[in-house]
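Below is one structure, written out as structure tokens; comments come after it.
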Amino acid sequence: MKTIGLISANYGSSSFGALLDNRTLASLPYGGRYRLIDFALSNMTNSGITTVGIIAPYNSGSLIDHIGIGSPWSLGRKSGGLFLMPGSAYGVQAAGSRFLLRDLIKAKKFFERDDADYVIMSGSSDVWNIDFEPLIKQHEKSGRPITMVYKKVPRGEDYFGYFLNIDEDGKVTDIREEAFGWANYFADCFIIDRDYMLDFMSWFGPLEYMDMIQIIQNNMDTMDLGTFEFRGYLGKIKNPADLLKVNQAMTDYDIRNEVFCNPERPIFTKTQDEAPVFHLPEADVRNSVISAGCRIEGRVENSIIFRSVNVGKGAVIRNSVIMMHGEIGEGAVLDNVIADKYVKINDGVKLYGGGGEPIIIGKEKTI
């Protein structure tokens, strides 16, 4: 059955502060060389989906610059390909919104012009590597109009979003916004019959200000929702603490291998060639990811260092994320810090953030 993909990128959070001043959450740098949207795009194309739409926000400059015409994901094609569609000016109606009905109605032509049987809808701020083909097959077999992807988590109280109550037949019986202990965490991804999606927009058009999942939640008695369990790594990024935690997860050998080292499902991104990392004799790097083009003369622990960052002599970076072209002065100490692109930290500066609230330094700032 033919399937197309739609990625929602018209959302963010004020908690990210300066990190989202000039970009959307989907284009936030991640893991030393990627952007968050790379995962949603790669999951689509690795699953054989060659028509993908992206609902973009008003501040989509960095997103457009990164994805271009979709060539890194083989979406620069004559038939199908990549479609960038503007979202509404008020894309984020409430915390946790991902699929604002107003945005989907604005993208109605994307659903109408294609003859696909199904549409896979995905958020754009999750780090995961999923094969959608088993999802498509299970959805087709079930005969249900919607199948929601979830992951079992041991501590629902540590997550923010939606949780699914599921009966023995795999049907969703309730959608909640709170859970404790083991829970079925909605992965901001579902597959829906294309015709049903068009009907849904017609039925609930007056509720366009609401998120699609909220509408489903309020109309459970009329919905027949199936489920698909994802059992791999799922890194949810909904605040700066999540961003730091999910970046640091890349220092875990098993997680890194699962997400990035599957030859059948590589994560693609815009290529930027750099020289190899230069470690000076004084460098001390432990449990970290250091990207190409860096010059390391200090100490780096449990951190992610992006391309072309210079770490000065005697500097210490712990539990932090330093994005592209950063300059860390001699003797500086950064602990629980997220520094955006082109940040300069002067000699001897010491910054200590809390584990739950990392210090955020905006783009091109000097401290």
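The values are calculated or read from the model by the stated rules, or taken from the named source; none is laboratory data. Everything numeric here is computed off the predicted structure, so don't read it as measured data. Note that each Cβ is placed from the backbone with ideal geometry, even for glycine, and that neighbours are counted across all protein chains shown.
Residues checked against (1) at pLDDT below 95; (2) polar (S, T, N, Q):
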site	(1), (2)
Lys141	no, no
Asp158	yes, no
Leu164	no, no
Asn184	no, yes
Ile192	no, no
Met197	no, no
Gly205	yes, no
Met210	yes, no
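In the range 116-133, the count of residues that are assigned to a helix (DSSP H, G or I) and within 30 Å of Tyr233 (Cβ to Cβ) is one or more. Among all residues of the range 144-154, there is none that is touching a residue at least 24 places away in the same chain (Cβ under 8 Å), in a helix (DSSP H, G or I), assigned by TED's automatic domain parsing to the domain that holds Leu19 and in contact with a strand residue (DSSP E or B) (Cβ under 9 Å, 6 or more places away or on another chain). Identify all residues within the range 255-289 that are of a type outside the set (A, V, I, L, M) and assigned to a helix (DSSP H, G or I); write none if there are none. Arg256, Asn257, Glu258, Phe260, listed by residue number. Going through (1) over 25 Å from Asn43 (Cβ atoms); (2) without any contact (Cβ under 8 Å) to a residue 12 or more places away in the chain one by one, Asp242 falls short only on (1).
Per the listing Phe204, Phe180, the residue uniquely assigned by TED's automatic domain parsing to the domain that holds Arg256 and touching a Gly at 6+ places or on another chain (Cβ under 8 Å) is Phe180.
I want to confirm something. Restricting to the range 44-63 and keeping residues that are assigned to a helix (DSSP H, G or I) and touching a strand residue (DSSP E or B) at 6+ places or on another chain (Cβ under 7 Å), which single residue is modelled with the highest pLDDT?
Here the answer is Met44.
For the range 199-213, a tally of residues being surrounded by 15 or more Cβ atoms within 10 Å (Cβ to Cβ) and in contact (Cβ under 8 Å) with a residue 60 or more places away in the chain returns 8. Listed by first and then second residue, the pairs linking a residue in the range 329-342 that is assigned by TED's automatic domain parsing to the domain that holds Val300 to a residue that is modelled with pLDDT under 95 and assigned to a strand (DSSP E or B), with Cβ atoms under 9 Å apart and 6 or more places separating them unless they lie on different chains, are Asn336/Gly354; Asn336/Glu357. Give me the residue from the range 102-115 that is of a type in the set (D, E, K, R) and not in a helix (DSSP H, G or I) and, out of that set, farthest from Leu135 (Cα to Cα). Per the stated criteria, the residue is Arg113. Answer with yes or no whether Leu101 is aliphatic (A, V, I, L, M), out of contact with any Lys or Arg (no Cβ under 9 Å at 6 or more places or on another chain), crowded, with 22+ Cβ neighbours inside 10 Å and not assigned by TED's automatic domain parsing to the domain that holds Ile338. For Leu101, the condition - aliphatic (A, V, I, L, M), out of contact with any Lys or Arg (no Cβ under 9 Å at 6 or more places or on another chain), crowded, with 22+ Cβ neighbours inside 10 Å and not assigned by TED's automatic domain parsing to the domain that holds Ile338 - is met. Scanning the range 163-198 for residues that are outside any loop (DSSP other than H, G, I, E, B), without any contact (Cβ under 8 Å) to a residue 40 or more places away in the chain and either surrounded by fewer than 15 Cβ atoms within 10 Å (Cβ to Cβ) or charged (D, E, K, R) (or both) turns up Asn165, Arg176, Asp195. Would it be correct to say that Val149 is modelled with pLDDT of 95 or more, under 16 Å from the mean Cα position of the chain (by Cα) and closer than 30 Å to Ala249 by Cα? Judged against the criteria, Val149 is a match.
Output the residue which, of all residues in the range 267-277 that are surrounded by 13 or more Cβ atoms within 10 Å (Cβ to Cβ) and not β-branched (Val, Ile, Thr), is nearest to Gly68 (Cα to Cα). Across the range 267-277, the extreme among qualifying residues is Lys270.
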